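The values are calculated or read from the model by the stated rules, or taken from the named source; none is laboratory data. As the structure is a prediction and not an experimental result, all values here were calculated from the model. We place every Cβ from the backbone using ideal geometry, glycine too, and count neighbours over all the protein chains shown. Side chains are part of the model used for accessible areas, which takes the heavy atoms of the whole protein and leaves out ligands, DNA and RNA. Shrake-Rupley method; radii C 1.70, N 1.55, O 1.52, S 1.80 Å.
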Amino acid sequence: MTEHRTEPGAVRAHGDHPIHAVPLISRTVFAAAHVVADPFADTTPDGPAAIDWDTTLAFRHHLWSHGLGVAEAMDTAQRGMGLDWASAAELIRRSAAEAAAVGGRLACGAGTDQLDASPAGLADIRAAYEEQLSLVEGAGAQAIVMASRHLAATAEGPDTYAEMYGHLLRQAAAPVILHWLGPMFDPALAGYWGSSDLDTATDTFLRIIAEHPGKVDGVKVSLLDADREVRLRRRLPDGVRCYTGDDFHYPELIVGDEHGHSDALLGIFDPLAPLAADSVRLLDSGDTSGFRTLLDPTVALSRHLFRAPTRYYKTGVVLLAWLAGHQPHFTMVAGLQSARSLPHLKRAYELADGLGLFPDPDLAAARMRQLSSVLGGVA
């Protein structure tokens, strides 16, 4: 795609004039962004991902135009559920170039998914992490050290995690975000940090952070347990952010309490971008009540999209992007558009429409009727 450079801080609409977003002040907010598949590619569910690059990158500009940061090549982008490492690497490189051109904030996932699904040795896992960390930082993005299925399968206990993450943190060029994704998002990550007991796992997690001062910008916690996140947040060392990944309780966690608050790195902020940005700007002005009034009604939609099996929430996210006119089709990488039922998709449309999320409600309604006709045989 053609690059258009603008002055620092300006964000351009894809192929349009620069858009100046009012910066968010009181919270650091990332939207984890989805990818747009190429619907005309001859692919299979287990084959390499086929990406519509122009439309995928245009959506990143949409997020930046509202003042949000972009969390790239994460779970929302179908990492580990259709987005292979070769495609993720290209996505990181392309998004980093776009972010640099417009001054958009970008953080990218570094994991171990270039390894085969079979068990891997710790040396191979470390090398895989190093390769991805090097690519992310070399592209000029902040690194998010993702939870690794391979490490979860191989680690013998907490000390294995401490050694692996200690090695990665010591060599990181800049402070990273550590990623704790619960098994409701990925069953292969059960027992992460060396224990199925979450209190014990939390102690290990916090010990790793404390042993490497200045190397951790923040932690991204996706356990869907608000009380546990608050307790963890209060134990973090000074200067280490807690980026909530709780798509069930995000308004209350972002507001916080007298002891602190959570910043945000959320998949639900992909479809909620304009509304999420507006709500945080109310918080910037000290209007906590206005923030809750605007954002609380979105929780019903988020809980619907992320209901069990939670890992299939991406289907609803991409549906809403199509209905909102951000992409011309409802085809997903690995055919994941089939992962949710027609009643589920209809309810997602109804909840989003009730929130006024669609720039063109008539277009959204027409597309929903089209989908109902194709999937259900009736308009």
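Say whether the condition of being surrounded by fewer than 19 Cβ atoms within 10 Å (Cβ to Cβ), farther than 27 Å from W53 by Cβ, hydrophobic (A, V, I, L, M, F, W, C) and touching a residue at least 40 places away in the same chain (Cβ under 8 Å) is met by at least one residue in segment 119-131. Yes, there is a match, as at least one residue in segment 119-131 is surrounded by fewer than 19 Cβ atoms within 10 Å (Cβ to Cβ), farther than 27 Å from W53 by Cβ, hydrophobic (A, V, I, L, M, F, W, C) and touching a residue at least 40 places away in the same chain (Cβ under 8 Å). The residue that is most open to solvent (accessible area, probe 1.4 Å), among those in segment 136-155 that are in contact (Cβ under 8 Å) with a residue 24 or more places away in the chain and of a type outside the set (A, V, I, L, M, F, W, C), is R149.
Condition check for H344 on (1) open to solvent by 10 Å² or more (accessible area, probe 1.4 Å); (2) assigned to a helix (DSSP H, G or I): one failure, at (1).
Residues considered: G214, G218. Of these, the only one that is in a strand (DSSP E or B) and out of contact with any Gly (no Cβ under 7 Å at 6 or more places or on another chain) is G218.
Looking at A120, A147, A143, A173, just one residue is in a loop (DSSP other than H, G, I, E, B), closer than 22 Å to R94 by Cβ, touching a helix residue (DSSP H, G or I) at 6+ places or on another chain (Cβ under 7 Å) and small (G, A, S), and that residue is A173.
In the condition set (1) surrounded by fewer than 22 Cβ atoms within 10 Å (Cβ to Cβ); (2) over 20 Å from the mean Cα position of the chain (by Cα), D113 is compliant with all but (2).
I'm checking my understanding of the structure. Among residues of segment 253-266 that are without any contact (Cβ under 8 Å) to a residue 40 or more places away in the chain and part of a helix (DSSP H, G or I), which one is nearest to L320 (Cα to Cα)? Among those that are without any contact (Cβ under 8 Å) to a residue 40 or more places away in the chain and part of a helix (DSSP H, G or I), it is L253.
Looking at the structure I just gave you, is L68 out of contact with any strand residue (DSSP E or B) (no Cβ under 8 Å at 6 or more places or on another chain), under 19 Å from L266 (Cα atoms) and at pLDDT 95 or above?
On the way: out of contact with any strand residue (DSSP E or B) (no Cβ under 8 Å at 6 or more places or on another chain): no; under 19 Å from L266 (Cα atoms): yes; at pLDDT 95 or above: yes.
Answer is no for this residue.
Is segment 48-55 home to any residue that is surrounded by fewer than 21 Cβ atoms within 10 Å (Cβ to Cβ) and aromatic (F, W, Y)? Yes, the conditions are met somewhere in segment 48-55. Scanning segment 221-242 for residues that are part of a strand (DSSP E or B) and not charged (D, E, K, R), we see that the one that is farthest from the chain's Cα centre (by Cα) is C242. On the stretch given as segment 202-223, residues that are open to solvent by 30 Å² or more (accessible area, probe 1.4 Å) and either in contact with a Leu (Cβ under 6 Å, 6 or more places away or on another chain) or not basic (K, R) (or both) total 6. Close contacts from segment 356-373, counting a first residue that is more than 25 Å from L295 (Cβ to Cβ) and a second that is modelled with pLDDT of 95 or more and open to solvent by less than 20 Å² (accessible area, probe 1.4 Å), with Cβ to Cβ under 7 Å and a gap of 6+ residues or different chains, come to R367/W322; R367/L323; L371/L345.
If a residue has to be open to solvent by 20 Å² or more (accessible area, probe 1.4 Å) and either modelled with pLDDT of 95 or more or touching a helix residue (DSSP H, G or I) at 6+ places or on another chain (Cβ under 7 Å) (or both) to count, how many in segment 83-107 make the cut? Reasoning before the result, please.
Of segment 83-107, the ones open to solvent by 20 Å² or more (accessible area, probe 1.4 Å) are 84-86, 90, 93-94, 97, 100, 103, 105.
Still in the running and either modelled with pLDDT of 95 or more or touching a helix residue (DSSP H, G or I) at 6+ places or on another chain (Cβ under 7 Å) (or both): 84-86, 90, 93-94, 97, 100, 105.
Summing the residues that are open to solvent by 20 Å² or more (accessible area, probe 1.4 Å) and either modelled with pLDDT of 95 or more or touching a helix residue (DSSP H, G or I) at 6+ places or on another chain (Cβ under 7 Å) (or both) in segment 83-107 gives 9.
List the helices (runs of 4 or more DSSP H) that sit entirely inside segment 267-324 and contain at least 1 residues that are open to solvent by 20 Å² or more (accessible area, probe 1.4 Å).
Details: elements: 273-284, 288-295, 299-305, 313-323.
Hits in segment 267-324: 273-284, 288-295, 299-305.
Among the residues making up segment 326-339, a single one is open to solvent by less than 40 Å² (accessible area, probe 1.4 Å) and either within 18 Å of L272 (Cβ to Cβ) or of a type in the set (D, E) (or both): Q327.
Entry remark, segment 186-201: residues being open to solvent by 10 Å² or more (accessible area, probe 1.4 Å) and either part of a helix (DSSP H, G or I) or touching a residue at least 40 places away in the same chain (Cβ under 8 Å) (or both) number 7 in total.
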